[in-house]
Amino acid sequence: MRVLITTTPGTGHTYPLVALNWALQTAGHEVLVASCGPGLALGEAGARTVDVAPGLSLEKMVGLLAQRHPEVAGKLLQEADGAGYLEVVGGAVAAALRLQPEMVAAVIRTAEEWRPDVVVHSPLLTPGMVAAAKLGVPAVQHGFGFLNPSAELMRELHADLFEEHGVDLPEVRAVIDISPPSVVPTEPGAWPLRYVPYNGSGPLPKPLFDLLNRVPETPRIAVSLGSGPVPGEAARVMERILATAPKTDAEFVVVLPRVDLEPFGPLPDNVHAFDWVPYSALLVRCSAVVHHAGPGTALGAMAHGLPQIMPVFKGLGRPAVARIVADRGVGRAVRPEEIGPELLESVLADEGLRTAAAEVREEIRSMPAPAEVVGRLEDLVAGA
């Protein structure tokens, strides 16, 4: 079976696809990834990749959108929940894709030249759906957790692309959902898939390796603000963490890619900072997580059964994700200024949070393994 994976060029949209890629190749299937920028990270996990837009990333797409259509980009910074959020982000991505016609054409052309048996696409990448419809092969949407625009919504928002190629939605479709059902109920007919944490490859920095091999004498709290946080928001949270740390009987491990900590001055003795590390390796020895309410970060904390503290940043679905996590009882959504010793100590002592987090961890472990979903893909292709 030849499987074409098309993914939006963002790490949070790409990493959830790694486990399925592994399972497909282990089962003897051929995988090709058509993406660009961070979407090519699947190549680090062993997939063959085609760069459909050298140098392009989701961040650059949003930047160009802000220049050309500030009114559309501005909506991303407005707080929205549920369907409102999905319509805003889906519309913004459709508008951003219209500004990248070469990338869109390259995705479709790659599919036509490679002739896959099935296209697995991230929810926002409509060219993958168009390619599957043109080839008459099944299209399978692989969600990235909690909030995923439907194919029907993306078809509506990007109707011109479908009309340009003379197709409608593929006749045979399926949806893979990695959200734990007690957090976000699985839609009827969707395929649940166990979330397997993956956060990139590479060696652990020696200081972190030594740190993780030492059993902490006090609770260890991970602080992660995602792969591309807004600098101003990251600064506000860091100011609170650094002010809180000396007053808290805990150890803090901060992971902040692309954020310069030098302006904050000397770090407290109980704060250890790293530029980038495999997030899942860090969480194994932690007691709680402070993070930006990114879906991948929240799912990683759930997979390890850890209580979560989410200083809510506006835009990009973060408030909506924070509320979903908090409603399940595995975390607390707070304002950045609420971060302090009392909040951290109360979360660490909250038996209800720990119990709920352990329940969701076991729920994730009981979800179908990637190998089982590969079997469903095989059946889907055979019956198409």
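The values are calculated or read from the model by the stated rules, or taken from the named source; none is laboratory data. Every value quoted in this text rests on a predicted model; they were computed, and no experiment measured them. Using ideal geometry, Cβ is built from the backbone for each residue, glycine included, and neighbour counts are taken over all protein chains shown. Each accessible area value is taken on the protein alone, full model and side chains, heavy atoms only, with ligands, DNA and RNA left out. Shrake-Rupley method; radii C 1.70, N 1.55, O 1.52, S 1.80 Å.
For the reader, a short list of remarks on this structure follows.
- Structure-based [θ]222 nm, the chain - -39500 (n - 2.57) summed over DSSP H runs of at least 4, per residue, nearest 500: -13000 deg cm²/dmol
- Listed by chain and number, the aspartates and glutamates whose alpha-carbon sits under 15 Å from that of residue 75, ignoring those within fewer than 8 places in the same chain, are 87.
- Cα gyration tensor category, rounded, prolate or oblate, for segment 284-366 with a/c compared to 1.5: oblate
- Across all C-alpha atoms in segment 175-270, the radius of gyration and Dmax reach 17.7, 53 Å.
- In the elastic network of the chain, a GNM with C-alpha springs shorter than 10 Å, the most mobile of 110, 26, 14 is 26.
- Spatial extent of segment 160-216: Rg and Dmax, with the Cα atoms as the point set, Å: 20.9, 61
- Normalised alpha carbon radius of gyration of segment 90-232 [divisor 2.2 N^0.38 Å]: 1.35
- Cα convex hull, segment 34-168: 111 Å³ per residue, rounded to a whole number.
- Accessible area (Å², per residue) of segment 1-149, counting only protein heavy atoms and a probe of 1.4 Å: 35
- Cα-based shape type of segment 229-304, given that a ≥ b ≥ c are square roots of the gyration tensor eigenvalues and the cut on a/c is 1.5: oblate
- Solvent-accessible surface (1.4 Å probe) assigned to residue 276 amounts to roughly 90 Å².
- The mean accessible area for residues of segment 238-384, using a 1.4 Å probe and ignoring ligands and nucleic acids, is 41 Å² per residue.
- When the solvent-accessible area of the chain is split by element, carbon and sulfur atoms take up 53 percent of it, the probe being 1.4 Å.
- Fluctuation leader among 212, 283, 256 - the chain, Gaussian network, Cα springs under 10 angstrom: 212
- Taking a point 7 Å out from the Cα of residue 217 in the direction of its Cβ, the residues of segment 279-297 whose backbone N falls within less than 20 Å of it are 285-288.
- Cα gyration tensor, segment 211-361 - rounded (a/c under 1.5), prolate or oblate: rounded
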